[in-house]
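In what follows, a structure is listed as structure tokens, so that the remarks can point back to it.
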Amino acid sequence: MYLSNPAAYDAMPATVSYDSLKQGVMDPGYVLVRNPNDETAMEAARRYFTTIEPPQGTHIPDVMMDLHWGLGYYLVNPETQDPAKIPYQNNCIRRRWHSLHFPVCLSLHQ
């Protein structure tokens with residue numbers, strides 16, 4: 001994707017820090033704000049940070065971090081349910097856009 005338009009990717013904001021998100025999620029004292037259908041969210045988030053390779057590079061645009069998170073979360077927790085209680089069909093990745101921003105929400109609630 002980067003090679004399709006390097007200038008566009010380089011111009012995108014990169015404010016989400018993978019390392020700081022991982023540190024927060026892996027902290028045993030971290031308290032998750034409870035939401036509907038999130039019974040497995042913390043376990044899945046920890047599995048994401050311990051089993052999925054982190055994004056590579058020094059400038060990872062926020063949109064790419066969101067995609068990495070969303071796809072990675074589904075890889076470690078394929079039976080997840082949408083916090084908005086929207087049913088899934090055929091286990092497809094059909095999350096609403098806001099639910100891809102879990103890492104961003106984590107950084108806001110620390």
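Amide H to amide H, with H built 1.01 Å from N, ALA14 comes under 5 Å of ASP62, counting only residues 5 or more places away or on other chains.
Fully extending the segment from GLN23 to THR50 would add 8.6 nm, taking 0.36 nm per residue of separation and subtracting the current Cα-Cα distance. Positive contributions from Lys and Arg (+1) and negative ones from Asp and Glu (-1), summed over other residues with Cβ under 13 Å from the Cβ of LEU21, come out at -2. Here the Karplus curve 6.51 cos²θ - 1.76 cosθ + 1.60, taken at θ = phi - 60°, turns the phi angles of the range 25-30 into couplings of 5, 7, 5, x, x, 5 Hz, with x standing for Gly and Pro.
Bear in mind these aren't lab numbers, they're just calculated from the coordinates by the rules spelled out. Just so we're clear, the structure is a prediction, and the values are computed from it rather than from any experiment. Reconstructed Cβ throughout: ideal geometry from the backbone, glycine too, with neighbour counts over all protein chains shown.
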